[in-house]
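Presented below is the structure to which this report refers.
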Amino acid sequence: MGERSEAVLWSAVAVVLVALAVPWFLWDDGRVVAGLPAWLWWHVGWMALAAVAFRAFATRAWGVGIETDQPGGGGRA
Amino acid sequence: MTALQSALSVEVGIVVGYLLAALAVGAVAYRLTENTAEDYYLASRTLGTVVLLFTTFATLLSAFTFFAGPNIAYNAGPEWILVMGLMDGILFALLWYVVGYKQWLLGRARGYVTLGEMLGDRFGATWLRTLVAVVSLFWLFPYVMLQQRGAGLALVSLTDGAVPYWAGALGITLFMIAYVVVAGMRGVAWTDTLQGLFMLSVVWIAVLWVLASVGGPAAATARLGEAAPGHLELGGGLYTPQYVVATAVYIAFGVTMFPQINQRFFVAGSKETLKRTFGLWPVLVLLLFVPAFMLGAWARGLGIQVPEGGNVLPLLLREFTPTWFAALVIAGALAAMMSSSDSMLLSGASYLTRDVYRPLFGAPDREALVARAGVTIFAFGSLALSLATNATLLQIGETAFGGFAQLALPVIVALYWTRTTRAGITAGIVASQAFYVAAALLPWLPASYALPVIGSWPAAVVGMVLGLVVTVAGSAVTTPATDERRSVYFEGLRAD
């Protein structure tokens, strides 16, 4: 996968993680599941999913969109 | 000794013991401190995963976690958990990469210590560096004041008024000056780690304790449903979709420009540290805010009455847990306030000495000494303000977050768009700040703006959009000045 399509893919993942961090489809819903509101369970699951996605990004694609290929330059300490 | 007095001495004893433990950690850190500005401000860029994670996390947390947040959950329902999830669990984590990793690479390559230095170097203008520092200090000051005020009020309520407000705020300020002056970033980071772990443990013990005495989460939630049925439903009242999104967005972006957070982008020891920290944000957010805010929400169904201006969490814990434990939680709240303020003092001082003092008076011979003087001046200045003001905690805090949020988009544009010009970014910063300051301080300007289709949005978000548009349009219609160095953000950025 090229750097560009990699960046597009991970940007799409980021957009989905942001868009559904609030379960909009449960708006006005007050159902209680196992002692907590259903929307709170969504939050628990979504944070866990985000942690997994971030972990995958960090191991597979870290540096996309930021690191440049010219080695050396910039007078790094 | 009466029962009340003995309870009081237990509470004070716990808080004092806690403060001494933090001071001891600071003293150990001091023994490793080298006498250079980079070591004092940035611990020589050596922090590891756990310390970086907790120092950033503890710095992010404030009185809000223990007081204002649970109060909102008590009054309006626990949906702030979702706001926090979007804000700190997702958006801040993404910005940790987009802004943080890029800044870390640049800081390592070019030795930057502050945001102002990074921008001033790229755009070839010392005055831009000073402008960014002055804007930051303008917003940081009231926020430090907020923390001192919160600490003062916490001590008043803990001791039932035996310690007056001014004495509490002064005591906490002196204590923070002591260990920030002595130990610098390393001391701050280590005590933050202690404080962060302490807060997490205390909040979980609190939730387990309260739930055990009321018969579990199902019983607590059922009682909340009887007392305030609307609180279990997602949305309603305070919580509109615009409120949830706007609050999460401007605070998440604002946080990245807060000096104490922004400076943490420079302190990681390695790329691995940043990578590991990145994936842990949603986990920490989940672990802290769900229990803290649910306690506030459940209190509504458990018959806790909160008087005007009171805080629900201490009242709930006094009802359901022993005195010594309620005192531990107050100590946890103090920890939250101190771990934010100590970092803010240190970063504020670095902006003051490097981006304001230096351009005016030249590099000092003994910068680490000037830095310590800066910490002291900063702390007493904000203490003086905290004794004079009477605005509510939340209002002051939100004003500061909105102010920092205005800086974020011009900076991000500069980091990623080569065509950004000095005139463009300056116009973007000045326009959005002017707009937001006016909206925040002038009573006849509206605090929110109704737009067709997408509804009503707060000035903080409108100002962010304005800053973005002005930065991009301004850059498009101007040409770069001859001393701008357009390539420095785009060359040789690797770290293996």
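The values are calculated or read from the model by the stated rules, or taken from the named source; none is laboratory data. Everything quoted here is computed from the prediction, not taken from an experiment. When we count neighbours, we look across all protein chains shown, and the Cβ atoms used for this are built from the backbone with ideal geometry, even at glycine.
For this structure, a couple of remarks:
Table: residues versus (1) surrounded by fewer than 17 Cβ atoms within 10 Å (Cβ to Cβ); (2) facing another protein chain (nearest Cβ under 8 Å); (3) part of a helix (DSSP H, G or I).
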| position | (1), (2), (3) |
| --- | --- |
| B:208 | yes, no, yes |
| B:212 | yes, no, yes |
| B:218 | yes, yes, yes |
| B:221 | no, yes, yes |
| B:231 | no, no, yes |
| B:243 | no, no, yes |
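- Some residue of region B:431-439 being over 25 Å from residue B:126 (Cα atoms) and either more than 14 Å from chain A (Cβ to nearest Cβ) or of a type in the set (Gly, Ala, Ser) (or both): yes
- Tally of residues being within 10 Å of chain A (Cβ to nearest Cβ) and of a type in the set (S, T, N, Q) across region B:245-280: 1
- Cβ-Cβ contacts under 6 Å between residues 6 or more apart (or on different chains), taken from a first residue in region A:28-39 that is at the interface with chain B (Cβ under 7 Å from one of its Cβ atoms) to a second residue that is in a loop (DSSP other than H, G, I, E, B), are listed as A:28/B:233; A:28/B:235; A:30/B:233; A:39/A:23.
- Scanning region B:27-81 for residues that are acidic (Asp, Glu), surrounded by fewer than 24 Cβ atoms within 10 Å (Cβ to Cβ) and outside any helix (DSSP H, G or I) turns up just one, B:34.
- Of the set (1) away from chain A (no Cβ under 14 Å); (2) of a type outside the set (Val, Ile, Thr); (3) surrounded by fewer than 24 Cβ atoms within 10 Å (Cβ to Cβ); (4) touching a residue at least 40 places away in the same chain (Cβ under 8 Å), all apply to residue B:171 but (4).
A quick yes/no check of all residues on (1) loosely packed, with under 13 Cβ neighbours inside 10 Å; (2) of a type in the set (Asp, Glu); (3) part of a loop (DSSP other than H, G, I, E, B); (4) at pLDDT 95 or above:
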site: A:1; (1), (2), (3), (4): yes, no, yes, no
site: A:12; (1), (2), (3), (4): yes, no, no, yes
site: A:21; (1), (2), (3), (4): no, no, yes, yes
site: A:42; (1), (2), (3), (4): no, no, no, yes
site: A:46; (1), (2), (3), (4): no, no, no, yes
site: A:53; (1), (2), (3), (4): no, no, no, yes
site: A:64; (1), (2), (3), (4): no, no, yes, no
site: A:70; (1), (2), (3), (4): yes, no, yes, no
site: A:76; (1), (2), (3), (4): no, no, yes, no
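- Evaluated against (1) away from chain A (no Cβ under 14 Å); (2) of a type outside the set (Phe, Trp, Tyr); (3) touching a Leu at 6+ places or on another chain (Cβ under 9 Å); (4) farther than 30 Å from residue B:38 by Cα, residue B:156 falls short on exactly one condition, (3).
- The set of residues in region B:436-473 that are part of a helix (DSSP H, G or I) and hydroxyl-bearing (Ser, Thr, Tyr) comprises B:436, B:471.
- Within region B:120-168, tally of residues that are small (Gly, Ala, Ser) and under 19 Å from the mean Cα position of the chain (by Cα): 6
- The number of residues in region B:471-481 being more than 27 Å from the chain's Cα centre (by Cα) and in contact (Cβ under 8 Å) with a residue 60 or more places away in the chain comes to 2.
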